[in-house]
Amino acid sequence: MKQDEIIEMARQAGIRFRTNVFHSGYCDGVHGDELEAFAKLIAEKEREACAKICDEWANSLSGEPEMVEMAKEIRARSNV
């Protein structure tokens with residue numbers, strides 16, 4: 001995952017970025033619920049990346065049919 005994707009997810013989670021007098025970005029005042037929301041976004045994105053790898057293997061000539069099931073199981077973990 002790229003840094004700009006992580007920063008965007010932090011914003012989606014409610015973490016606010018501020019600028020100090022030296023005009024460099026920093027983040028302060030992160031609350032627990034924001035941090036938890038951020039962690040969930042990261043986990044969801046990483047799970048989907050893993051499931052897509054399984055999908056790619058399932059669709060390739062050398063892929064195994066079990067990969068379809070693995071992708072489903074990975075995606076189902078977001079409901080746990």
So, first residue at positive phi in segment 16-42, second residue surrounded by fewer than 11 Cβ atoms within 10 Å (Cβ to Cβ) and modelled with pLDDT of 60 or more, Cβ within less than 9 Å, six or more apart or across chains; the pairs are 29/18
Note down all Cβ pairs under 6 Å where the first residue falls in segment 44-73 and is within 25 Å of residue 5 (Cβ to Cβ), the second is among the acidic types (Asp, Glu), and they're at least six residues apart or on different chains.
71/55
With respect to residue 32, determine if the residue is at pLDDT below 85, under 25 Å from residue 77 (Cβ atoms) and either more than 11 Å from the chain's Cα centre (by Cα) or hydrophobic (A, V, I, L, M, F, W, C) (or both).
yes
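The values are calculated or read from the model by the stated rules, or taken from the named source; none is laboratory data. What you see is a predicted model, and the numbers here were worked out from it, not measured in a lab. Glycine also receives a Cβ, built like all others from the backbone with ideal geometry; neighbour counts cover every protein chain displayed.
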